[in-house]
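Everything below concerns the one structure shown next.
Bear in mind these aren't lab numbers, they're just calculated from the coordinates by the rules spelled out. Every value quoted in this text rests on a predicted model; they were computed, and no experiment measured them.
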Amino acid sequence: MNANVPKKRNPQPAGATPADAEFPEVMTARQAADYLQINIQVLYRYIRDGLIPVARVGKTVRLKKSVIDRWLEVSSWQSIRPENRPIDTTRRHPENGE
């Protein structure tokens, strides 16, 4: 085999993005930190605090890309829910008779 010949990649399913090709469905902590673009120590803190879903395999953790994507989606929507917004005390509320 010629060392100069690039390796062929597996064909991607329809609708796949470049990130899909770069990151496998089951990732190590390092791969997940790279995928999330955060420091690995921050990822381990999120794991320790139970903020991000993981599967434990012995002493190691594995993270599913699809689960991380769903976690990001849910977390993003939760961040804009009205109960998570700061209260504007300067606004009058006509329904309360103010």
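Can you list residues whose amide H is under 5 Å from Val61's amide H, if they're 5+ apart or on another chain and H is modeled 1.01 Å from N?
For Val61, whose amide H was placed from the backbone, the distant partners under 5 Å are Ala29.
Fully extended, how many nm does the chain gain between Val74 and Ala55 (0.36 nm per residue separation, minus their Cα-Cα distance)?
5.0 nm
Write down the Kirkwood hydrodynamic radius of segment 21-82, to one decimal in angstroms, obtained as one divided by the mean of 1/r over all alpha carbon pairs. Before the final figure, lay out each step's value.
On the way: mean 1/r = 0.0826 Å⁻¹.
Over segment 21-82, the inverse of the mean reciprocal pair distance is 12.1 Å.
Karplus couplings for segment 36-46 from phi (6.51 cos²θ - 1.76 cosθ + 1.60, θ = phi - 60°), rounded to Hz, Gly and Pro as x?
7, 6, 10, 5, 4, 5, 5, 4, 4, 5, 4
What length, rounded to one decimal in nm, is gained on full extension from Arg45 through to Val67, with 0.36 nm per residue of separation minus their alpha-carbon distance? Walk me through the intermediate numbers first.
Values: separation 22, 0.36 × 22 = 7.92 nm, distance 1.78 nm.
Here the segment from Arg45 to Val67 would lengthen by 6.1 nm.
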